[in-house]
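Enquirer: There's a structure below that I have some questions on.
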Amino acid sequence: MTQSVTGVQRFAIEVSKRLKRMGVPLIFVSPEDIKNPGVAKELEVKIIGPFRGHLWEQVTLQLYTKLKGGTLVSFCNTAPLFIKDQIVTVHDLSFLRHPDWFSKRFSIVYSFLVPRIIKRAKRVLTVSEFSKKEIVDLIKVEESKIEVVYNGITGFTIQDEPLDSTEYGHLLKEAYILTVSSHHPRKNFKNLIKAFSLMENPSLKLYVIGDFNKNYSNVDIPNTWLKNVVFLENIGDQDLVRFYQNAKLFVYPSFYEGFGIPIIEAISMETMCAVSDIPVFTELFENSVHYFDPTSKESIANSIQYALSNPKSISELQEVRETILKKFSWDKSAKKVMEQFN
(Lines give C-alpha, C1' and ligand atoms only; values in the text may rest on other atoms or scores of the structure.)
Protein backbone atom coordinates (compact mmCIF):
# COMPACT_ATOMS: atom_id res chain seq x y z
CA MET A 1 0.00 0.00 0.00
CA THR A 2 2.92 2.39 0.62
CA GLN A 3 5.04 1.49 -2.43
CA SER A 4 4.93 2.02 -6.17
CA VAL A 5 3.38 -0.95 -7.97
CA THR A 6 5.95 -3.32 -9.48
CA GLY A 7 5.65 -7.11 -9.80
CA VAL A 8 5.86 -7.82 -6.07
CA GLN A 9 3.16 -5.29 -5.19
CA ARG A 10 1.00 -6.47 -8.10
CA PHE A 11 1.02 -10.01 -6.68
CA ALA A 12 0.01 -8.71 -3.24
CA ILE A 13 -2.76 -6.48 -4.56
CA GLU A 14 -4.36 -8.95 -6.97
CA VAL A 15 -4.25 -11.95 -4.62
CA SER A 16 -5.59 -9.82 -1.74
CA LYS A 17 -8.50 -8.54 -3.84
CA ARG A 18 -9.55 -12.07 -4.74
CA LEU A 19 -9.20 -13.45 -1.23
CA LYS A 20 -11.49 -10.70 -0.01
CA ARG A 21 -14.05 -11.42 -2.76
CA MET A 22 -13.92 -15.11 -1.80
CA GLY A 23 -14.99 -14.17 1.74
CA VAL A 24 -11.79 -15.25 3.47
CA PRO A 25 -11.84 -13.66 6.97
CA LEU A 26 -8.81 -11.39 6.64
CA ILE A 27 -7.88 -8.03 8.14
CA PHE A 28 -5.63 -5.89 5.91
CA VAL A 29 -3.33 -3.48 7.75
CA SER A 30 -0.91 -0.79 6.62
CA PRO A 31 1.17 2.17 7.81
CA GLU A 32 -0.40 5.56 7.20
CA ASP A 33 1.57 6.64 4.10
CA ILE A 34 -0.70 4.87 1.57
CA LYS A 35 0.04 5.42 -2.14
CA ASN A 36 -2.82 3.27 -3.46
CA PRO A 37 -5.97 4.72 -1.86
CA GLY A 38 -8.34 3.02 -4.32
CA VAL A 39 -6.99 -0.41 -3.49
CA ALA A 40 -6.92 0.42 0.22
CA LYS A 41 -10.61 1.35 0.07
CA GLU A 42 -11.53 -1.86 -1.76
CA LEU A 43 -9.65 -3.98 0.80
CA GLU A 44 -10.94 -1.91 3.74
CA VAL A 45 -7.37 -1.46 4.91
CA LYS A 46 -6.94 -0.56 8.57
CA ILE A 47 -4.15 1.93 9.22
CA ILE A 48 -2.17 1.04 12.33
CA GLY A 49 0.77 2.97 13.71
CA PRO A 50 3.27 4.22 14.58
CA PHE A 51 6.34 4.04 12.29
CA ARG A 52 6.84 3.20 8.62
CA GLY A 53 8.74 0.71 6.47
CA HIS A 54 10.69 -2.08 8.16
CA LEU A 55 10.36 -0.45 11.58
CA TRP A 56 6.56 -0.55 11.25
CA GLU A 57 6.75 -4.16 10.10
CA GLN A 58 9.10 -5.37 12.83
CA VAL A 59 7.52 -3.42 15.72
CA THR A 60 3.98 -2.24 15.01
CA LEU A 61 2.82 -5.19 12.89
CA GLN A 62 4.51 -7.72 15.16
CA LEU A 63 2.83 -6.35 18.30
CA TYR A 64 -0.54 -6.02 16.54
CA THR A 65 -0.40 -9.64 15.32
CA LYS A 66 0.51 -11.00 18.76
CA LEU A 67 -2.36 -8.99 20.27
CA LYS A 68 -4.93 -10.12 17.69
CA GLY A 69 -3.78 -13.72 17.29
CA GLY A 70 -4.49 -15.65 14.10
CA THR A 71 -2.20 -16.27 11.15
CA LEU A 72 -0.20 -13.43 9.59
CA VAL A 73 0.08 -13.47 5.78
CA SER A 74 2.80 -11.38 4.11
CA PHE A 75 3.05 -11.05 0.31
CA CYS A 76 6.09 -8.82 -0.31
CA ASN A 77 9.32 -10.65 0.67
CA THR A 78 9.77 -9.47 4.27
CA ALA A 79 7.71 -10.01 7.43
CA PRO A 80 8.01 -9.74 11.24
CA LEU A 81 10.98 -11.74 12.43
CA PHE A 82 9.59 -13.34 15.58
CA ILE A 83 6.19 -14.69 14.49
CA LYS A 84 5.98 -18.42 13.78
CA ASP A 85 2.30 -18.58 12.85
CA GLN A 86 2.71 -16.85 9.52
CA ILE A 87 2.78 -17.45 5.78
CA VAL A 88 5.45 -15.46 3.95
CA THR A 89 5.95 -14.84 0.24
CA VAL A 90 9.51 -14.69 -1.10
CA HIS A 91 9.55 -13.80 -4.79
CA ASP A 92 13.25 -14.45 -5.40
CA LEU A 93 16.66 -14.43 -3.71
CA SER A 94 18.46 -12.00 -5.99
CA PHE A 95 19.81 -10.10 -2.97
CA LEU A 96 21.71 -13.27 -1.96
CA ARG A 97 22.74 -14.31 -5.46
CA HIS A 98 23.80 -10.84 -6.57
CA PRO A 99 24.20 -8.42 -3.61
CA ASP A 100 26.16 -6.04 -5.87
CA TRP A 101 22.92 -5.18 -7.68
CA PHE A 102 21.53 -3.46 -4.57
CA SER A 103 22.49 -0.67 -2.22
CA LYS A 104 24.68 -1.89 0.64
CA ARG A 105 21.99 -1.12 3.24
CA PHE A 106 19.26 -2.97 1.31
CA SER A 107 21.46 -6.02 0.77
CA ILE A 108 22.45 -6.22 4.45
CA VAL A 109 18.86 -5.85 5.72
CA TYR A 110 17.35 -8.41 3.34
CA SER A 111 20.21 -10.90 3.71
CA PHE A 112 19.70 -10.78 7.48
CA LEU A 113 15.89 -10.82 7.58
CA VAL A 114 14.66 -13.06 4.79
CA PRO A 115 16.53 -16.32 5.55
CA ARG A 116 15.49 -16.10 9.21
CA ILE A 117 11.88 -15.32 8.32
CA ILE A 118 11.76 -18.27 5.90
CA LYS A 119 13.08 -20.69 8.51
CA ARG A 120 10.69 -19.48 11.20
CA ALA A 121 7.48 -19.26 9.11
CA LYS A 122 5.13 -22.23 8.96
CA ARG A 123 4.63 -21.90 5.18
CA VAL A 124 6.50 -20.14 2.37
CA LEU A 125 5.01 -19.04 -0.95
CA THR A 126 7.05 -18.29 -4.06
CA VAL A 127 6.21 -17.58 -7.69
CA SER A 128 8.04 -20.23 -9.74
CA GLU A 129 9.70 -23.62 -9.51
CA PHE A 130 12.98 -21.83 -10.20
CA SER A 131 12.57 -19.63 -7.11
CA LYS A 132 11.51 -22.64 -5.03
CA LYS A 133 14.73 -24.43 -5.96
CA GLU A 134 16.73 -21.30 -5.08
CA ILE A 135 15.12 -21.18 -1.62
CA VAL A 136 15.77 -24.87 -1.00
CA ASP A 137 19.38 -24.64 -2.18
CA LEU A 138 20.36 -21.36 -0.50
CA ILE A 139 18.28 -21.34 2.70
CA LYS A 140 18.32 -25.12 3.29
CA VAL A 141 14.61 -25.64 4.04
CA GLU A 142 12.40 -28.60 3.16
CA GLU A 143 10.67 -28.54 -0.24
CA SER A 144 7.40 -29.53 1.45
CA LYS A 145 7.33 -26.18 3.29
CA ILE A 146 7.26 -24.20 0.03
CA GLU A 147 4.28 -23.75 -2.30
CA VAL A 148 4.60 -22.35 -5.82
CA VAL A 149 1.89 -19.80 -6.61
CA TYR A 150 2.23 -18.28 -10.07
CA ASN A 151 1.47 -14.67 -10.82
CA GLY A 152 -1.63 -14.02 -12.90
CA ILE A 153 -2.68 -11.63 -15.63
CA THR A 154 -4.32 -8.42 -14.49
CA GLY A 155 -7.67 -7.81 -16.15
CA PHE A 156 -6.53 -5.04 -18.46
CA THR A 157 -9.07 -3.80 -20.99
CA ILE A 158 -7.88 -3.24 -24.56
CA GLN A 159 -8.12 0.46 -25.35
CA ASP A 160 -9.87 1.33 -28.65
CA GLU A 161 -10.15 5.13 -28.54
CA PRO A 162 -8.13 7.19 -31.05
CA LEU A 163 -4.51 7.71 -30.04
CA ASP A 164 -4.89 11.47 -30.52
CA SER A 165 -7.20 11.53 -27.50
CA THR A 166 -4.54 10.17 -25.15
CA GLU A 167 -1.74 11.94 -23.30
CA TYR A 168 0.89 9.80 -25.01
CA GLY A 169 -0.69 9.68 -28.47
CA HIS A 170 2.35 11.21 -30.17
CA LEU A 171 4.58 8.46 -28.75
CA LEU A 172 2.15 5.64 -29.46
CA LYS A 173 2.06 6.54 -33.17
CA GLU A 174 5.79 5.90 -33.48
CA ALA A 175 7.30 2.53 -34.46
CA TYR A 176 8.79 1.26 -31.20
CA ILE A 177 9.88 -1.73 -29.16
CA LEU A 178 9.04 -1.74 -25.47
CA THR A 179 10.44 -2.88 -22.15
CA VAL A 180 8.69 -2.44 -18.78
CA SER A 181 10.33 -2.79 -15.36
CA SER A 182 11.98 -0.89 -12.55
CA HIS A 183 15.49 0.40 -13.16
CA HIS A 184 17.30 -2.46 -11.46
CA PRO A 185 20.74 -3.69 -12.63
CA ARG A 186 19.38 -7.23 -13.14
CA LYS A 187 16.91 -5.86 -15.71
CA ASN A 188 19.91 -5.47 -18.00
CA PHE A 189 18.89 -2.17 -19.58
CA LYS A 190 22.51 -1.40 -20.41
CA ASN A 191 22.91 -4.40 -22.72
CA LEU A 192 19.47 -3.84 -24.24
CA ILE A 193 20.21 -0.20 -25.04
CA LYS A 194 23.62 -1.09 -26.46
CA ALA A 195 22.01 -3.82 -28.60
CA PHE A 196 19.42 -1.32 -29.79
CA SER A 197 22.16 1.13 -30.76
CA LEU A 198 23.83 -1.62 -32.84
CA MET A 199 20.69 -2.03 -34.96
CA GLU A 200 21.04 1.46 -36.51
CA ASN A 201 17.36 1.70 -37.43
CA PRO A 202 16.46 5.42 -37.37
CA SER A 203 12.74 4.73 -37.84
CA LEU A 204 12.51 2.59 -34.67
CA LYS A 205 12.44 3.77 -31.06
CA LEU A 206 12.98 1.97 -27.75
CA TYR A 207 10.61 2.90 -24.91
CA VAL A 208 11.72 2.05 -21.36
CA ILE A 209 8.82 2.25 -18.88
CA GLY A 210 9.67 2.02 -15.20
CA ASP A 211 10.47 3.91 -12.03
CA PHE A 212 13.88 4.52 -10.48
CA ASN A 213 14.56 3.15 -6.98
CA LYS A 214 17.16 4.36 -4.49
CA ASN A 215 17.73 0.77 -3.27
CA TYR A 216 19.23 -0.28 -6.60
CA SER A 217 22.80 0.22 -7.73
CA ASN A 218 23.16 2.85 -10.45
CA VAL A 219 23.85 1.74 -14.01
CA ASP A 220 25.72 4.29 -16.11
CA ILE A 221 24.71 4.34 -19.78
CA PRO A 222 26.73 6.47 -22.23
CA ASN A 223 24.72 9.25 -23.88
CA THR A 224 25.93 8.07 -27.29
CA TRP A 225 23.78 4.93 -26.89
CA LEU A 226 20.59 6.85 -26.09
CA LYS A 227 19.57 8.00 -29.55
CA ASN A 228 15.88 7.11 -30.07
CA VAL A 229 15.62 5.77 -26.49
CA VAL A 230 12.75 7.24 -24.45
CA PHE A 231 12.46 6.77 -20.65
CA LEU A 232 8.96 7.01 -19.16
CA GLU A 233 7.88 6.99 -15.50
CA ASN A 234 4.59 6.91 -13.58
CA ILE A 235 2.58 5.35 -16.39
CA GLY A 236 -0.91 4.31 -15.25
CA ASP A 237 -2.50 0.99 -16.19
CA GLN A 238 -4.71 2.36 -18.99
CA ASP A 239 -1.78 4.05 -20.70
CA LEU A 240 0.43 1.01 -20.07
CA VAL A 241 -2.09 -1.12 -21.97
CA ARG A 242 -1.81 1.19 -24.97
CA PHE A 243 1.98 0.98 -24.91
CA TYR A 244 1.78 -2.83 -24.85
CA GLN A 245 -0.76 -3.19 -27.63
CA ASN A 246 0.91 -0.70 -30.00
CA ALA A 247 4.46 -2.04 -29.59
CA LYS A 248 6.11 -3.83 -32.49
CA LEU A 249 7.82 -6.09 -29.96
CA PHE A 250 8.13 -6.43 -26.18
CA VAL A 251 11.67 -7.15 -24.94
CA TYR A 252 12.65 -8.40 -21.47
CA PRO A 253 16.43 -8.84 -21.14
CA SER A 254 16.75 -9.68 -17.41
CA PHE A 255 19.73 -11.59 -16.05
CA TYR A 256 17.68 -12.98 -13.15
CA GLU A 257 13.97 -13.12 -12.22
CA GLY A 258 11.60 -14.92 -9.92
CA PHE A 259 8.83 -14.62 -12.52
CA GLY A 260 8.35 -11.79 -15.06
CA ILE A 261 4.83 -10.31 -14.93
CA PRO A 262 5.37 -7.79 -17.76
CA ILE A 263 5.89 -10.68 -20.19
CA ILE A 264 2.48 -12.18 -19.55
CA GLU A 265 0.95 -8.69 -19.63
CA ALA A 266 2.44 -8.14 -23.09
CA ILE A 267 1.28 -11.56 -24.31
CA SER A 268 -2.23 -10.82 -23.03
CA MET A 269 -2.20 -7.77 -25.36
CA GLU A 270 -1.23 -10.07 -28.29
CA THR A 271 2.24 -8.54 -28.53
CA MET A 272 5.25 -10.57 -29.64
CA CYS A 273 7.94 -11.04 -27.00
CA ALA A 274 11.70 -11.57 -27.04
CA VAL A 275 13.15 -12.49 -23.64
CA SER A 276 16.28 -13.77 -21.92
CA ASP A 277 17.10 -17.44 -22.20
CA ILE A 278 17.14 -18.02 -18.44
CA PRO A 279 15.65 -21.01 -16.55
CA VAL A 280 12.62 -19.24 -15.08
CA PHE A 281 11.45 -17.94 -18.47
CA THR A 282 11.84 -21.28 -20.24
CA GLU A 283 9.88 -22.85 -17.34
CA LEU A 284 7.03 -20.37 -17.63
CA PHE A 285 6.81 -19.51 -21.32
CA GLU A 286 8.23 -22.54 -23.16
CA ASN A 287 7.93 -21.87 -26.93
CA SER A 288 5.60 -18.85 -26.66
CA VAL A 289 8.40 -16.28 -27.01
CA HIS A 290 11.72 -15.64 -28.78
CA TYR A 291 14.86 -16.19 -26.67
CA PHE A 292 18.30 -14.55 -26.60
CA ASP A 293 21.48 -14.63 -24.53
CA PRO A 294 21.16 -11.64 -22.14
CA THR A 295 24.95 -11.38 -21.75
CA SER A 296 25.43 -10.81 -25.50
CA LYS A 297 24.48 -7.50 -27.09
CA GLU A 298 24.73 -9.14 -30.49
CA SER A 299 22.34 -11.95 -29.48
CA ILE A 300 19.79 -9.41 -28.18
CA ALA A 301 20.05 -7.31 -31.34
CA ASN A 302 19.78 -10.37 -33.61
CA SER A 303 16.73 -11.69 -31.74
CA ILE A 304 14.98 -8.33 -31.95
CA GLN A 305 15.75 -8.04 -35.65
CA TYR A 306 14.58 -11.60 -36.32
CA ALA A 307 11.30 -11.10 -34.44
CA LEU A 308 10.60 -7.83 -36.26
CA SER A 309 11.39 -9.43 -39.63
CA ASN A 310 9.29 -12.55 -38.92
CA PRO A 311 6.16 -11.29 -37.15
CA LYS A 312 3.62 -13.81 -35.90
CA SER A 313 0.20 -13.76 -37.53
CA ILE A 314 -2.83 -12.50 -35.60
CA SER A 315 -4.09 -16.07 -35.18
CA GLU A 316 -0.70 -17.20 -33.81
CA LEU A 317 -0.63 -14.32 -31.32
CA GLN A 318 -4.19 -15.12 -30.25
CA GLU A 319 -3.27 -18.78 -29.72
CA VAL A 320 -0.29 -17.81 -27.58
CA ARG A 321 -2.53 -15.45 -25.59
CA GLU A 322 -5.11 -18.16 -24.90
CA THR A 323 -2.41 -20.59 -23.75
CA ILE A 324 -0.97 -18.06 -21.32
CA LEU A 325 -4.40 -16.98 -20.03
CA LYS A 326 -5.22 -20.59 -19.15
CA LYS A 327 -1.89 -21.12 -17.40
CA PHE A 328 -1.73 -17.91 -15.33
CA SER A 329 -4.77 -16.69 -13.42
CA TRP A 330 -5.07 -14.55 -10.28
CA ASP A 331 -8.17 -16.55 -9.30
CA LYS A 332 -6.18 -19.80 -9.42
CA SER A 333 -3.38 -18.16 -7.47
CA ALA A 334 -5.71 -16.87 -4.75
CA LYS A 335 -7.32 -20.30 -4.33
CA LYS A 336 -3.87 -21.84 -3.93
CA VAL A 337 -2.98 -19.26 -1.29
CA MET A 338 -6.25 -19.93 0.54
CA GLU A 339 -5.40 -23.66 0.69
CA GLN A 340 -2.31 -22.78 2.73
CA PHE A 341 -4.45 -21.40 5.58
CA ASN A 342 -5.63 -24.88 6.58
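Enquirer: Counting just the residues of the stretch 16-29 that are touching a Leu at 6+ places or on another chain (Cβ under 9 Å) and either without any contact (Cβ under 8 Å) to a residue 12 or more places away in the chain or under 27 Å from Asn234 (Cα atoms) (or both), which one comes out least open to solvent (accessible area, probe 1.4 Å)?
Expert: Applying the filter and picking the extreme gives Ser16.
Enquirer: What about Pro99, is it more than 23 Å from Lys122 (Cα to Cα) and at pLDDT below 95?
Expert: Yes; evaluated as a whole, the condition is true for this residue.
Enquirer: Continuing with the same structure: Which of the numbered conditions does Glu44 fail, given that it passes all the others? Conditions: (1) closer than 17 Å to Gln340 by Cα; (2) surrounded by fewer than 13 Cβ atoms within 10 Å (Cβ to Cβ).
Expert: For Glu44, the exception is condition (1).
Enquirer: Taking the condition of being surrounded by fewer than 12 Cβ atoms within 10 Å (Cβ to Cβ), closer than 17 Å to Ile263 by Cβ and of a type in the set (Gly, Ala, Ser), how many residues in the stretch 299-342 meet it?
Expert: Residues flagged as surrounded by fewer than 12 Cβ atoms within 10 Å (Cβ to Cβ), closer than 17 Å to Ile263 by Cβ and of a type in the set (Gly, Ala, Ser) within the stretch 299-342 amount to 0.
Enquirer: Can I ask one more? For Asp220, indicate whether it is at negative phi, modelled with pLDDT under 90, under 15 Å from the mean Cα position of the chain (by Cα) and surrounded by fewer than 21 Cβ atoms within 10 Å (Cβ to Cβ).
Expert: No.
Enquirer: Further question on the same structure: Residue check: is Tyr252 more than 30 Å from Ile135 (Cβ to Cβ), aromatic (Phe, Trp, Tyr) and modelled with pLDDT of 90 or more?
Expert: no
Enquirer: Just to be sure, is Ala247 over 24 Å from Leu93 (Cα atoms), buried (at least 23 other Cβ atoms within 10 Å of the Cβ) and within 22 Å of the chain's Cα centre (by Cα)?
Expert: Answer is no for this residue.
Enquirer: Could you please let me know if Lys332 is in contact (Cβ under 8 Å) with a residue 12 or more places away in the chain and either of a type in the set (S, T, N, Q) or part of a helix (DSSP H, G or I) (or both)?
Expert: Values: in contact (Cβ under 8 Å) with a residue 12 or more places away in the chain: yes; either of a type in the set (S, T, N, Q) or part of a helix (DSSP H, G or I) (or both): yes.
Yes, satisfied.
Enquirer: Can you tell me which of Ile324, Ile300 is touching a residue at least 24 places away in the same chain (Cβ under 8 Å) and over 30 Å from Ser16 (Cα atoms)?
Expert: After applying the criteria, what remains is Ile300.
Enquirer: Going by what's in this entry, would Leu72 be described as free of Cβ contacts under 8 Å to residues at least 24 places away in the same chain, closer than 18 Å to Arg120 by Cα and in contact with a helix residue (DSSP H, G or I) (Cβ under 6 Å, 6 or more places away or on another chain)?
Expert: So Leu72 fits the description; yes.
Enquirer: Conditions first: (1) open to solvent by 50 Å² or more (accessible area, probe 1.4 Å); (2) touching a residue at least 40 places away in the same chain (Cβ under 8 Å); (3) outside any helix (DSSP H, G or I). His54 passes all but one, so which condition is the exception?
Expert: Tallying (1) open to solvent by 50 Å² or more (accessible area, probe 1.4 Å); (2) touching a residue at least 40 places away in the same chain (Cβ under 8 Å); (3) outside any helix (DSSP H, G or I), His54 fails exactly one: (3).
Enquirer: Now a separate question. Collect the residues in the stretch 115-132 that are closer than 28 Å to Phe285 by Cα, assigned to a helix (DSSP H, G or I) and open to solvent by less than 10 Å² (accessible area, probe 1.4 Å), keeping them in residue-number order. Spell out the reasoning first.
Expert: Within the stretch 115-132, the subset closer than 28 Å to Phe285 by Cα is 118, 123-132.
Right, trim to assigned to a helix (DSSP H, G or I) and you get 118, 129-132.
Those that are closer than 28 Å to Phe285 by Cα, assigned to a helix (DSSP H, G or I) and open to solvent by less than 10 Å² (accessible area, probe 1.4 Å): Ile118, Ser131.
Enquirer: Okay, next question. Can you tell me which residue in the stretch 1-34 is nearest to the chain's Cα centre (by Cα), limited to those that are assigned to a loop (DSSP other than H, G, I, E, B) and under 17 Å from Gly70 (Cα atoms)?
Expert: Checking each candidate, the answer is Phe28.
Enquirer: Next question, about the same structure. Only residues that are touching a residue at least 40 places away in the same chain (Cβ under 8 Å) and either assigned to a loop (DSSP other than H, G, I, E, B) or more than 30 Å from Pro185 (Cα to Cα) (or both): list them for the stretch 83-103, please. Step through it out loud before you land on a result.
Expert: Of the residues in the stretch 83-103, the ones touching a residue at least 40 places away in the same chain (Cβ under 8 Å) are 87, 89-94, 96-98, 100-103.
Hits for the stretch 83-103 are Val90, His91, Asp92, Leu93, His98, Ser103.
Enquirer: Regarding the stretch 74-82, can at least one residue be identified that is assigned to a loop (DSSP other than H, G, I, E, B), touching a Leu at 6+ places or on another chain (Cβ under 8 Å), small (Gly, Ala, Ser) and surrounded by 18 or more Cβ atoms within 10 Å (Cβ to Cβ)?
Expert: yes
Enquirer: For the subset of the stretch 167-203 comprising residues that are over 16 Å from Glu233 (Cα atoms) and part of a loop (DSSP other than H, G, I, E, B), which member is most open to solvent (accessible area, probe 1.4 Å)?
Expert: Top of the filtered list is Glu200.
Enquirer: Consider Glu319 carefully, then state whether it is free of Cβ contacts under 8 Å to residues at least 40 places away in the same chain and not in a strand (DSSP E or B).
Expert: Yes.
The values are calculated or read from the model by the stated rules, or taken from the named source; none is laboratory data. Values in this document were obtained by computation on a predicted structure and should not be read as measured data. FYI the Cβ positions are ideal-geometry reconstructions off the backbone, even for glycines, and counts take in every protein chain you see. Side chains are part of the model used for accessible areas, which takes the heavy atoms of the whole protein and leaves out ligands, DNA and RNA. Shrake-Rupley method; radii C 1.70, N 1.55, O 1.52, S 1.80 Å.
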